[in-house]
1. Pull up region 78-123, narrow it to residues that are charged (D, E, K, R) and in contact (Cβ under 8 Å) with a residue 24 or more places away in the chain, then point me to the one that is surrounded by the fewest Cβ atoms within 10 Å (Cβ to Cβ).
2. On the given criteria, is residue 38 surrounded by fewer than 14 Cβ atoms within 10 Å (Cβ to Cβ), modelled with pLDDT of 95 or more and not hydroxyl-bearing (Ser, Thr, Tyr)?
3. Inspect all residues belonging to region 161-169 and state whether any of them is modelled with pLDDT of 85 or more and not basic (Lys, Arg).
4. Restricting region 115-162 to residues that are in contact with a strand residue (DSSP E or B) (Cβ under 7 Å, 6 or more places away or on another chain) and of a type in the set (A, V, I, L, M), which is nearest to residue 3 (Cα to Cα)?
5. Restricting the search to region 46-58, which residues are loosely packed, with under 15 Cβ neighbours inside 10 Å and touching a Phe, Trp or Tyr at 6+ places or on another chain (Cβ under 8 Å)?
6. Take the residues of region 46-60 that are in contact (Cβ under 8 Å) with a residue 24 or more places away in the chain and not β-branched (Val, Ile, Thr): which is nearest to residue 85 (Cα to Cα)?
7. Residues being in a loop (DSSP other than H, G, I, E, B), surrounded by 10 or more Cβ atoms within 10 Å (Cβ to Cβ) and in contact (Cβ under 8 Å) with a residue 12 or more places away in the chain: count how many of those fall in region 124-152.
8. Of the residues 64, 17, 43, which single one is over 19 Å from residue 125 (Cβ atoms) and exposed (fewer than 15 other Cβ atoms within 10 Å of the Cβ)?
Amino acid sequence: MTVNTKKITSGPYLGNGITDTFSYGFKAVDKTDLSVYETDDLGVQSELVVDTDYTVNTVGGDSGGTITRIKGALPVNYEWYIRSNYDETQLTAFTSQGAFFPDLHENAMDKLTFLIQQILDKISRTFTLSDSYSGPLPLTLEDPDSGKVLRWNADQSGLENFDTDAEYVNIGGDTMIQPLAGPDSITPDDYMPQRQVVEVVDNRIESIPGFDPQQFIDYGLVTSTVGDELDYGSVA
């Protein structure tokens, strides 16, 4: 066969409580050449198991075939998604001076095409740089770190973990500057992590003459002056 389609996925199919059989529109030589994903009404996605969760009714057809859900009709608010899942192997052996079987050669080349399509499909689902990007390569990515976000590092050669709770704020004198973040952020010696500023503010508020924790409600900073009594609401 010739491979005249680039589509290696079918769906999503939305459940209606009636339909239990769904079609796929690409060639699968074996039932294991398919992956089926089911998303329930809570948005949880699971990869199903062939012959346990579904049966493949037809394989080998150039235009695809059908798959049936073993548990019956796909419930309302459920979703099915089918995709190609060819294994990255080449098991066809061609012997020297052996007979020429066109179908064997064509199937082997078709599988290579399907594998390329699977790679391109996966790449299309990822973040990529523009074709005109000419900066540093390869780019780096730090290991996952719970609670942190990603941002470009200083030389734009990769992504780094960044603790949003460690924004830096100026506490020189009694003047507090807004947290600095982003590509123009700086961290001079007179800056400190924002989460530490809370302790500084609390200490200064407690030093206000006549301060009574039972008579003040901490509304947070309103002015730019640390420890300014006007930043806090009196209930007296």
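The values are calculated or read from the model by the stated rules, or taken from the named source; none is laboratory data. For clarity, every value in this text was computed on a predicted model and none was experimentally measured. Using ideal geometry, Cβ is built from the backbone for each residue, glycine included, and neighbour counts are taken over all protein chains shown.
1. Residues of region 78-123 that are charged (D, E, K, R), as a first pass: 79, 83, 87-88, 103, 106, 110-111, 121-122.
Those still in the list that are in contact (Cβ under 8 Å) with a residue 24 or more places away in the chain too: 79, 83, 87-88, 106, 110-111, 121.
Working: 79: 18, 83: 18, 87: 11, 88: 8, 106: 13, 110: 17, 111: 21, 121: 15.
Per the stated criteria, the residue is 88.
2. Numbers: surrounded by fewer than 14 Cβ atoms within 10 Å (Cβ to Cβ): no; modelled with pLDDT of 95 or more: yes; not hydroxyl-bearing (Ser, Thr, Tyr): yes.
No.
3. The answer is yes, given that some residue of region 161-169 is modelled with pLDDT of 85 or more and not basic (Lys, Arg).
4. Of everything passing the filter in region 115-162, 139 is nearest to residue 3 (Cα to Cα).
5. 46, 47
6. Per the criteria, the residue is 60.
7. Step one: list which residues in region 124-152 are in a loop (DSSP other than H, G, I, E, B), which gives 125-139, 142-148.
If we keep only those that are surrounded by 10 or more Cβ atoms within 10 Å (Cβ to Cβ) as well, we get 129, 133, 136, 139, 142, 145, 148.
Next, from what is left, pick out any that are in contact (Cβ under 8 Å) with a residue 12 or more places away in the chain: 136, 139, 142, 145, 148.
Going through region 124-152 one residue at a time, the tally reaches 5.
8. Working: 64 fails: exposed (fewer than 15 other Cβ atoms within 10 Å of the Cβ); 43 fails: over 19 Å from residue 125 (Cβ atoms).
On inspection, the qualifying residue turns out to be 17.
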